[in-house]
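Engineer: Following this message is one structure expressed as structure tokens.
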């Protein structure tokens, strides 16, 4: 397996490969964004030493079991977004809701904005308050398949049959 290949969650190769890709991710950013990425990675790795990491959907993400718990993404316009998959349950006003589910995030435009005290508190919560996103989405997929079967569909992309 080469260093650019993503491996399945929970495998030994995943951590080493993911860490190499995360270093590469930071190295491809502007100097200011790379500094933020390196600082966040150091804090995340220290707070969640048992978490596996990889570049997932184009961004560095740390997993506990098969569930994503924290990750970051760089955008030229907004800087670096630090996302916690279950962040809305943390009760932290600095974390703003993101997306349709349980996620919350904070934005950084320079490394000096990173305050280690709240960041470590959030990371501790991320390591213990894990949203079982994998099971949630598996249940959603199963429900959609069951609904399609009841409606006369035969699988993904099946059209609904109409009664005459």
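The values are calculated or read from the model by the stated rules, or taken from the named source; none is laboratory data. If you're wondering where the values come from, they're calculated on a predicted model, not measured in any experiment. Please note: Cβ atoms are built from the backbone with ideal geometry, for glycine as well, and neighbour counts cover all protein chains shown.
Engineer: Quick one: how many residues across region 49-70 are part of a strand (DSSP E or B) and at positive phi?
Structural biologist: Looking only at that region, the number is 0.
Engineer: Okay, moving on. If the Cβ limit is 8 Å and pairs must be 6+ apart or interchain, which residue in region 83-106 that is without any contact (Cβ under 8 Å) to a residue 12 or more places away in the chain pairs with which residue that is assigned to a strand (DSSP E or B)?
Structural biologist: From residues that are without any contact (Cβ under 8 Å) to a residue 12 or more places away in the chain, the pairs are 96/104; 96/105; 96/106; 97/104.
Engineer: It is to be established whether one or more residues within region 44-66 are surrounded by fewer than 14 Cβ atoms within 10 Å (Cβ to Cβ), modelled with pLDDT of 95 or more and under 22 Å from residue 115 (Cα atoms).
Structural biologist: Looking for residues that are surrounded by fewer than 14 Cβ atoms within 10 Å (Cβ to Cβ), modelled with pLDDT of 95 or more and under 22 Å from residue 115 (Cα atoms), one finds at least one in region 44-66, hence yes.
Engineer: Looking at region 90-104, which of the residues that are surrounded by 14 or more Cβ atoms within 10 Å (Cβ to Cβ) and over 14 Å from the mean Cα position of the chain (by Cα) is nearest to residue 51 (Cα to Cα)? Step through it out loud before you land on a result.
Structural biologist: Here is the first cut: in region 90-104, the ones surrounded by 14 or more Cβ atoms within 10 Å (Cβ to Cβ) are 90, 92, 95-96, 98, 102-104.
Now narrow it down to the ones that are over 14 Å from the mean Cα position of the chain (by Cα): 90, 92, 95-96.
Values: 90: 19, 92: 22, 95: 21, 96: 23 Å.
So the residue we want is 90.
Engineer: Check 147, 120, 160 and return the single one that is modelled with pLDDT of 95 or more and either assigned to a helix (DSSP H, G or I) or outside the structural domain of residue 28 (by TED's automatic domain parsing) (or both).
Structural biologist: On the way: 147 fails: modelled with pLDDT of 95 or more; 160 fails: modelled with pLDDT of 95 or more.
Criteria check complete, one pass: 120.
Engineer: I've got another one for you. For region 97-116, give me each residue that is over 24 Å from residue 26 (Cα atoms) and either modelled with pLDDT of 95 or more or touching a helix residue (DSSP H, G or I) at 6+ places or on another chain (Cβ under 9 Å) (or both).
Structural biologist: 97, 101, 102
Engineer: Here is a list: 39, 16, 23, 35. Which entry is more than 22 Å from residue 106 (Cβ to Cβ), assigned to a helix (DSSP H, G or I) and at pLDDT 95 or above?
Structural biologist: Values: 39 fails: more than 22 Å from residue 106 (Cβ to Cβ); 16 fails: at pLDDT 95 or above; 35 fails: more than 22 Å from residue 106 (Cβ to Cβ).
From the options 39, 16, 23, 35, the qualifying one is 23.
Engineer: A further question follows. Here are some conditions: (1) closer than 19 Å to residue 102 by Cβ; (2) out of contact with any helix residue (DSSP H, G or I) (no Cβ under 6 Å at 6 or more places or on another chain); (3) in contact (Cβ under 8 Å) with a residue 60 or more places away in the chain. Residue 40 meets all but one. Which one does it not meet?
Structural biologist: (1)
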